[in-house]
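Here the structure comes first, spelled out in structure tokens, and everything after it is commentary.
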Amino acid sequence: MQTKEKVLEVKGLKMHFPITGGVFSRVVGHVKALDGINFDVIKGETLGLVGESGCGKSTTGRCIIRLNEPTAGQVIFHSERGKVDLLELDRDAMRPYRSEIQMIFQDPYSSMNPRMTVMDIISEPLLIHCPEMNQKAREDAVHYLLDKVGLRKDQAMRYPHEFSGGQRQRIGIARALSTNPKLIIADEPVSALDVSVQAQVINLMMDLQEEFGLTYIFIAHGLSVVKHISSRIAVMYLGNMVELGDAEQVYNHPVHPYTKALLSATPMADPRAEKKQRIILQGDVPSPTNKPSGCGFRTRCPLAQASCAEAAPELRLLASGRKVACPFVEEAE
Ligand SMILES: Nc1ncnc2c1ncn2[C@@H]1O[C@H](COP(=O)(O)OP(=O)(O)O)[C@@H](O)[C@H]1O
Ligand code: SF4
Ligand SMILES: [Mg+2]
């Protein structure tokens with residue numbers, strides 16, 4: 001990473017989904033999927049976003065591109081057109097920015113129309129965002145993109161079911177690249193693939209990042225997947241961010257008790273490392289409809305004390321530049 005230029009600033013982002021009940025469908029509660037998260041994304045980096053299932057990772061991605069309408073907060077995007085809070089835009093005003101931010105999903109097959117050819121699937125965003133392009137230019141663009149993701153031109157007229165899981169993810173990546181985006185949010189793009197295929201898709205994404213100067217938010221539930229690809233890692237728990245720092249720091253020297261526990265659950269390449277201080281989490285993640293008061297992690301935290309029930313800890317900056325949401329931990333000297 002050569003610059004510290006920001007691409008995105010997420011500030012105080014909240015997504016509280018209403019729960020309705022009773023005969024009058026009144027709002028009886030809220031799922032606090034995101035409870036005020038803050039982070040920046042730096043140009044050219046890969047920010048790995050990790051945490052157990054249900055902690056709000058997909059909702060973060062979906063709120064950034066407005067597939068969900070957040071309850072509160074700001075999503076400031078640094079576009080070539082200038083700096084803009086995406087949450088203040090209406091649908092029409094949002095469209096040009098949507099072409100600059102694309103999303104890749106865990107299961108690209110479910111978002112592909114089985115009756116559309118690969119040509120139609122990849123060129124669909126071009127029809128929406130570049131209506132001035134003629135058919136020949138669109139076809140050329142699709143052939144170019146297929147080549148870039150390691151598929152053949154003659155596969156353009158085939159249908160999604162004719163491809164393997166890894167190839168379908170390559171088609172999903174080609175579609176995301178079609179509008180020449182600046183930022184790609186990849187939501188568990190390799191979680192459904194075999195381990196051998198995972199590495200191929202991650203390597204492809206890293207090559208494309210370098211060639212096209214892309215910035216990634218890369219979502220995964222475990223730290224081992226993001227370690228290799230990420231410049232920085234952000235760890236989420238129950239709708240909050242608990243630790244954010246350089247990938248190497250977070251992976252090798254975690255400070256938040258939840259990050260430590262998440263790493264204890266990750267098989268280590270070095271068996272000696274595995275012996276040191278394993279933290280096994282007790283109990284399940286509480287429901288986001290009924291979050292504990294204060295620190296959301298306190299019901300499972302080995303360091304919890306009475307004051308942890310009072311106020312939700314904010315992310316604070318440590319000397320090394322990493323941030324942690326717990327007042328009781330420090331970095332090892
Ligand atoms: N549309 C929705 N309506 C109500 N609750 C939702 C909706 N989408 C997600 N949730 C809830 O928000 C929480 C976070 O979900 P999600 O962002 O999908 O987590 P993750 O991607 O980390 O597994 C979960 O409890 C989930 O059930
Ligand atoms: S604030 Fe308290 S409960 Fe939360 S992580 Fe720190 S010690 Fe644990
Ligand atoms: Mg998810």
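Under the condition of being acidic (Asp, Glu), at pLDDT 95 or above, surrounded by 13 or more Cβ atoms within 10 Å (Cβ to Cβ) and outside any strand (DSSP E or B), the residues counted in segment 32-70 number 1.
Among the candidates Gly73, Gly29, which residue alone is assigned to a strand (DSSP E or B), farther than 26 Å from Glu248 by Cα and in contact with a Leu (Cβ under 6 Å, 6 or more places away or on another chain)?
Exactly one residue qualifies, and that residue is Gly73.
Taken together, the residues in segment 1-30 that are modelled with pLDDT of 95 or more and either on the phi > 0 side of the Ramachandran plot or crowded, with 17+ Cβ neighbours inside 10 Å (or both) amount to 8. When Ile128, Ile121 are checked against the criterion of being part of a helix (DSSP H, G or I), modelled with pLDDT of 95 or more and either touching a Ser or Thr at 6+ places or on another chain (Cβ under 9 Å) or surrounded by 20 or more Cβ atoms within 10 Å (Cβ to Cβ) (or both), Ile121 stands alone in meeting it. Considering only residues in segment 198-223 that are crowded, with 17+ Cβ neighbours inside 10 Å and in a helix (DSSP H, G or I), the one that is nearest to ligand 1 (Cβ to nearest atom) turns out to be Leu223. Condition check for Ile171 on (1) modelled with pLDDT of 95 or more; (2) surrounded by fewer than 13 Cβ atoms within 10 Å (Cβ to Cβ); (3) not assigned by TED's automatic domain parsing to the domain that holds Val235: one failure, at (2).
Only one entry of Glu210, Glu243 meets the criterion of being assigned by TED's automatic domain parsing to the domain that holds Ile37, without any contact (Cβ under 8 Å) to a residue 12 or more places away in the chain and at negative phi, and that entry is Glu210. Scanning segment 230-250 for residues that are part of a helix (DSSP H, G or I) and either within 13 Å of ligand 2 (Cβ to nearest atom) or surrounded by fewer than 20 Cβ atoms within 10 Å (Cβ to Cβ) (or both) yields Glu248, Gln249.
The values are calculated or read from the model by the stated rules, or taken from the named source; none is laboratory data. Model, not experiment: these values are computed from the prediction. Note: ideal-geometry Cβ built from the backbone for every residue, glycine included; neighbour counts use all protein chains shown.
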